[in-house]
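Structure, as structure tokens:
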Amino acid sequence: MKVSQGRGDPKLTRLVAEKADETLNWLHDYVGVKYAVGMKLVWPMLQRAHLTIGEKKPGGTQLMLYLLAKAKELNVPIVYNAKAVELLDNPQNGKVIGVKVKSKEGFEEYFGKYGVVMATGGFSANKMMLTMMAGVPAANMPVRGSHSVTGESILLTGPYFPKVVNVDQYHCGPIHGPTGANPLNIVNTGIAVSKETKRYTDEGKTYVQMSRDTAALTRDNWGYMIVDEDTHNLPMLKNDWFSYSSHKAPVYKADTIEGLAKEAGLNPVELKKVVDEYNAALKAGKLGELTPPNTHKNPRPILKAPFYAVPFQGGMTATFGGPLINTNGQVLDTEGRPVPGLFAVGNAAGGLFYDNYVGGAQLTSASVIGRQIADYVKTLAK
């Protein structure tokens, strides 16, 4: 609730908090998901995330393989290359009973005995919806998450007038858009400058807010993180440097600040001025008096050669808004009543997240609420 600034639905939040343990155990014991636990993560991720491990990386890919293997074991039919284009309902009572999909063969219809669960994610890969809901800076972010999350959760449920909430809210993070390299921890370790070689944000902010500022306050959504050799060698940054090298993303390097600026296409005079001002303010304990201020709790000097410039952008990870659901996963209409036969789960639903999220909470909440839907449907089947 603190991370959602008190705006998360209290009942949904409590449900996830109280059911997280048993859900993680169910995923481990029944589905076969394996975790690494206790990993130290940056704020607001905290240190309680269970990271999926296995042969594939990243963890999301491995998680899907675990789930697909279990579905295959249970003989759950899965239809691929089938785009949902319309929800179907009973004309007599309005209950949602199926979905119309477009496949290579044309249109097909599928029906569910107890309704339909929307599990399509948010709209983070839909530029039109991002522009309308979250604004131009968000729409200009390269996609950091899934490229197939295009807003069906809102568009297809529209005819049933769902109570849509928090559609202006999203999670973002740093990324090198052209290659997909991820400087998650690097962006909080030095000075962030724009193409005009000006500091534009408080480097003490979370990587989420720094990514928002990069998208909103820089030309073409490009920033450069300037660090020195001592910072470069921090163990916590090892994965970030590997991400840039493995993705063949550029990292500029030079023995002088002026030389670094030339390598990165920045203004040498301005970059030397910015670095000198930063180092002087750090030494004098006056980083908070810079414009913009630097409020980093453990700021690091930029003194030891060689020096590095890491280009990055603010990248779109996931949207938080969608049809509001209750603790059974039922979609609620604008009057607060459940839409018969219509459920939503994960980022296809709204109400749980606002502004940011605790690490692991998106996948955990999707799992918790998915099981809640299953338990509710079991009561209908009796």
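Go through (1) open to solvent by 10 Å² or more (accessible area, probe 1.4 Å); (2) aromatic (Phe, Trp, Tyr); (3) at pLDDT 95 or above for residue 320 and report which single condition fails.
The number of the failed condition is (1).
Have a look at 288, 265, 336, 315 and point out the one that is buried (at least 21 other Cβ atoms within 10 Å of the Cβ) and under 32 Å from the mean Cα position of the chain (by Cα).
Result of the check over 288, 265, 336, 315: 315.
Could you please tell me which pairs satisfy a Cβ distance under 9 Å, a separation of 6+ or placement on different chains, a first residue in region 281-297 that is within 11 Å of residue 205 (Cα to Cα) and touching a residue at least 24 places away in the same chain (Cβ under 8 Å), and a second residue that is open to solvent by less than 60 Å² (accessible area, probe 1.4 Å) and among the basic types (Lys, Arg)?
294/199
Report those strands (runs of 3 or more DSSP E) wholly inside region 60-131 carrying at least 1 residues which are surrounded by 18 or more Cβ atoms within 10 Å (Cβ to Cβ).
In region 60-131, 83-89, 96-103, 116-118 are the strands (runs of 3 or more DSSP E) which contain 1 or more residues that are surrounded by 18 or more Cβ atoms within 10 Å (Cβ to Cβ).
Of the residues 193, 165, 149, only one is in contact with a helix residue (DSSP H, G or I) (Cβ under 8 Å, 6 or more places away or on another chain) and under 25 Å from residue 347 (Cβ atoms); which?
149 is the lone residue from the list that is in contact with a helix residue (DSSP H, G or I) (Cβ under 8 Å, 6 or more places away or on another chain) and under 25 Å from residue 347 (Cβ atoms).
Here is a check on your reading of the model: is residue 159 assigned to a loop (DSSP other than H, G, I, E, B) and under 17 Å from residue 339 (Cα atoms)?
Judged against the criteria, residue 159 is not a match.
Scan region 291-312 residue by residue and report those that are of a type in the set (S, T, N, Q), closer than 24 Å to residue 237 by Cβ and open to solvent by 50 Å² or more (accessible area, probe 1.4 Å).
Passing the criteria: 295, 298.
Given the criterion crowded, with 21+ Cβ neighbours inside 10 Å and out of contact with any Phe, Trp or Tyr (no Cβ under 6 Å at 6 or more places or on another chain), identify the matching residue among 179, 189.
From the options 179, 189, the qualifying one is 189.
Among the numbered conditions (1) without any contact (Cβ under 8 Å) to a residue 60 or more places away in the chain; (2) closer than 30 Å to residue 257 by Cα, tell me where residue 305 comes up short.
Unmet condition: (1).
What about residue 154, is it crowded, with 20+ Cβ neighbours inside 10 Å, in contact (Cβ under 8 Å) with a residue 40 or more places away in the chain and assigned to a strand (DSSP E or B)?
Against the criterion (crowded, with 20+ Cβ neighbours inside 10 Å, in contact (Cβ under 8 Å) with a residue 40 or more places away in the chain and assigned to a strand (DSSP E or B)), residue 154 does not qualify.
Can you say whether residue 248 is without any contact (Cβ under 8 Å) to a residue 24 or more places away in the chain, under 23 Å from residue 306 (Cβ atoms) and basic (Lys, Arg), as far as the supplied structure shows?
When the stated conditions are applied, residue 248 does not pass them.
What number of residues in region 60-119 are in contact (Cβ under 8 Å) with a residue 12 or more places away in the chain, of a type in the set (Phe, Trp, Tyr) and closer than 29 Å to residue 27 by Cα?
4
The values are calculated or read from the model by the stated rules, or taken from the named source; none is laboratory data. Just so it is clear, the model here is predicted, and its values are computed rather than measured. In this analysis, Cβ positions are derived from the backbone assuming ideal geometry, glycine residues included, and neighbour counts consider all displayed protein chains. Keep in mind that these areas ignore ligands, DNA and RNA; they rest on the heavy atoms of the full protein, side chains included. Shrake-Rupley method; radii C 1.70, N 1.55, O 1.52, S 1.80 Å.
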